[in-house]
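First up is the structure itself, then whatever we jot down about it.
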Amino acid sequence: MLETSIISAGGWRLPQEQHAEKIARTVRHLALQPVWRTIKIQQPDLYKKIEQEYLTALEEGTDEAEARQRLHPDLADLLNQRLAYASDSDVVAYMRISVEEMKVLRQKDAMDSFLQHASGTAAQQDTSGANQYSPNALSEMG
């Protein structure tokens, strides 16, 4: 699918320029988040690593949600490092959020599995001829 070019003050922009600008906007937005500013200050090497992984994913054409998903292992490691130093109330609040996220993921996985199984079953029936109807099927039913 061709990307449409948009007009800026300087004229037409190439799709590559639009993509690069979108990536830059996304990275700037991420950098404005308080947690990322903290990581950048306290652990600059980790920040650079995570930022590079994120940029690479975006440059490969991965959507933002999937690019963020790729960061989860590094973020889980960071969380495990810091969890021991967090207050009890912060740990409890984090665990509540984590449990809710797991419930949502479990529901999503169950729904995806159901849909995948249902579509696979339908495809098997279609190829076996079990779901083939005669042209007069509706009239034959009544």
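Got a number for residues in the stretch 17-43 being under 17 Å from the mean Cα position of the chain (by Cα) and part of a loop (DSSP other than H, G, I, E, B)?
Of the residues in that region, 0 qualify.
Looking at the stretch 78-90, I want the residues that are farther than 13 Å from Leu46 by Cβ and have a partner that is part of a helix (DSSP H, G or I) with Cβ atoms under 7 Å, at least 6 apart or on another chain. Which pairs are those?
The qualifying pairs are Leu83/Val91.
Quick note: the coordinates plus some simple rules give every number you see, no bench work behind them. The shown structure was predicted, so the numbers you read here are calculated from the model rather than taken from an experiment. Glycine also receives a Cβ, built like all others from the backbone with ideal geometry; neighbour counts cover every protein chain displayed.
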